[in-house]
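Before any comments, here is the structure.
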Ligand SMILES: [Zn+2]
Ligand SMILES: [Zn+2]
């Protein structure tokens, strides 16, 4: 677990054939009120829990798991993590929360062919990710958690219920799969995705002052250039129609 800033920790994903999302742990350790952001791919929960334990964190201080969105590479090992922190709440955007509660996994797999492949390869059953969501976020909330303040921003386009978490004092952005380092963005061809929505979301993120970019995959950026997200939005705009 790498310390990015006081109250912000990074556990890199371990990609297989399918990517495994990064996990961030947010909250001041001494607050005893920590949040895990995203889970990862199937089988990738164990090492993440071990990294948290190795950092000297008592699992009882993990109060919630906040999902940036519910694609398989983020939610795959959520059941494994819940097993280790059974009292933690699950928070996510309302538009994906309702599907998850109903066992509608079209967003989880993104497309039917991928669903068949993963169910065969990983022995996943229909409804494997059906669970109760404790808090349904809508965007616009200010979360006072772990002795920090994080703003929730709804940024659909990569999927319907994508959210970003933004910490304004240190200018830290956790955008899930919406924007990555190196002018890359999330794909916009899966269930619930939309190019025009993604463009709007990128422009919305482009309004923020961001120094530290902590995406769901690939490189993290600890010194973001001014205007980086807006420039990324501009480069992609012709394709997001
Ligand atoms: Zn995704
Ligand atoms: Zn992802």
Original post:
Taking the stretch 83-113 only, how many residues are touching a residue at least 40 places away in the same chain (Cβ under 8 Å), under 24 Å from residue 48 (Cβ atoms) and assigned to a helix (DSSP H, G or I)?
Top reply: 4
Original post:
If you scan the stretch 194-239, which residues turn out to be in contact (Cβ under 8 Å) with a residue 60 or more places away in the chain, in contact with a helix residue (DSSP H, G or I) (Cβ under 9 Å, 6 or more places away or on another chain) and more than 16 Å from ligand 2 (Cβ to nearest atom)?
Top reply: none
**OP:** Among the residues of the stretch 129-159, write down those that are crowded, with 20+ Cβ neighbours inside 10 Å and either at pLDDT below 95 or farther than 17 Å from residue 92 by Cα (or both).
**Re:** 146, 148
Original post:
Say we look at the stretch 188-215 and pick out the residues that are part of a loop (DSSP other than H, G, I, E, B) and in contact with a strand residue (DSSP E or B) (Cβ under 8 Å, 6 or more places away or on another chain); which of these is farthest from residue 6 (Cα to Cα)?
Top reply: 208
Subject >> Which listed residue is in contact (Cβ under 8 Å) with a residue 40 or more places away in the chain, within 16 Å of the chain's Cα centre (by Cα) and away from ligand 1 (no atom under 14 Å from the Cβ), from 167, 151 >> reply: 167
**OP:** Need at least 1 residues that are in contact (Cβ under 8 Å) with a residue 24 or more places away in the chain and within 13 Å of ligand 2 (Cβ to nearest atom) per element, so show me which strands (runs of 3 or more DSSP E) inside the stretch 1-60 make the cut, counting only ones lying wholly within it.
**Re:** 23-26, 34-37
Subject >> Residue that is surrounded by the fewest Cβ atoms within 10 Å (Cβ to Cβ) [pool: residues in the stretch 160-172 that are under 22 Å from residue 5 (Cβ atoms) and within 16 Å of ligand 2 (Cβ to nearest atom)] >> reply: 165
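The values are calculated or read from the model by the stated rules, or taken from the named source; none is laboratory data. Owing to the predicted nature of the structure, the values given are computational and were not obtained by experimental measurement. Positions of Cβ are generated from backbone atoms using ideal geometry, with glycine treated the same way; all protein chains shown enter the neighbour counts.
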